[in-house]
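All remarks here apply to the structure that follows.
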Amino acid sequence: MEKTIELQGQIIKYNFQRSRRARHLRFAIQLNGSLVVTAPQHFPLLMVKHFLRQKSSWIIKRLAYFKDKPASFNALSDQEDYQKHQEATQDLVQQRLAYFNQFYHLEFNRISIRNQKTRWGSCSKRGNLNFNYRLIFLPPKIADYIIVHELCHLQELNHSSRFWNLVAKTIPNYKELRIALRKVNGNFQQLK
């Protein structure tokens, strides 16, 4: 549902949704420049507004960033673009998984390339690896970090120190790459 809030003298529209799966309040600026706020089922709306006001500087800055992007940048979310790049992304992911898994020897089931709006990748409990087709547009080192991140979730389905030690086995500079990924486009870097 669309809502509005005044932040730093500007009226900001945002898409508000509640989710049974959400444990925490989260917000993201999508590639098309829209603000999406997701809250747990019974999270008070007053707390949502308070949180958005606390983060108003970041939100205003990121909305301005996407507003200034050319239409071709925002068009990356089109279904046509997804179909155009899905196969190349699948090839890239399979090649890099084969390379990195030489060091891990982990078993996985299906690899899916998706047109996701808020995630670069995910790993399911069943051992399925999912990646965003836009991985193909990232610098190779950042794409490798995302691929290794999800690969390591096959062994550690959490973000514990054991998980990060696994990632560091092949991506020792993962902390730098996480920061670089955040700079790519704000909150789009969510990994689960």
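Each value in this text was obtained by applying a stated rule to the coordinates, not by laboratory testing. No experiment lies behind these values; they were computed from the predicted model shown. Don't worry about glycine lacking a Cβ; one is built from the backbone with ideal geometry, like all the others, and counts go over all protein chains shown.
Summarised in one figure, the compactness ratio Rg/Rh of the range 2-74, Cα atoms and Kirkwood Rh, is 0.99. Counting only Cα atoms, the chain measures 54, 36, 28 Å along its principal axes, largest extent leading. Each Cα pair under 8 Å and six or more residues apart adds its sequence gap; the mean of these over the residue count of the chain is a relative contact order of 17 percent. Can you give the local net charge around residue 141? Use residues other than it whose beta-carbon is closer than 15 angstrom to its beta-carbon, Lys and Arg +1, Asp and Glu -1. For residues surrounding residue 141, the net value is +3.
Note on the chain: GNM, Cα springs under 10 Å; of 160, 124, 56, the largest mean-square fluctuation is that of 160. Principal-axis analysis of the Cα atoms of the chain puts helix 174-185 at an angle of about 40° to the longest axis.
For residue 42, neighbours were defined as the other residues whose beta-carbon sits under 14 Å from its Cβ, and their charges (Lys and Arg +1, Asp and Glu -1) total +4.
Each Lys or Arg adds one and each Asp or Glu takes one away; over the other residues whose Cβ falls under 14 Å from the Cβ of residue 97, this sums to -2. In a solvent-free Debye calculation with one equal scatterer on each Cα, what is log10 I(q)/I(0) for the range 78-189 at q = 0.12 Å⁻¹, listed in the order of the q values? Scattering profile of the range 78-189, log10 relative to I(0): -0.38. Annotation: lysines with alpha-carbon distance below 16 angstrom to residue 61 (same-chain offsets under eight excluded): 13, 69, 183.
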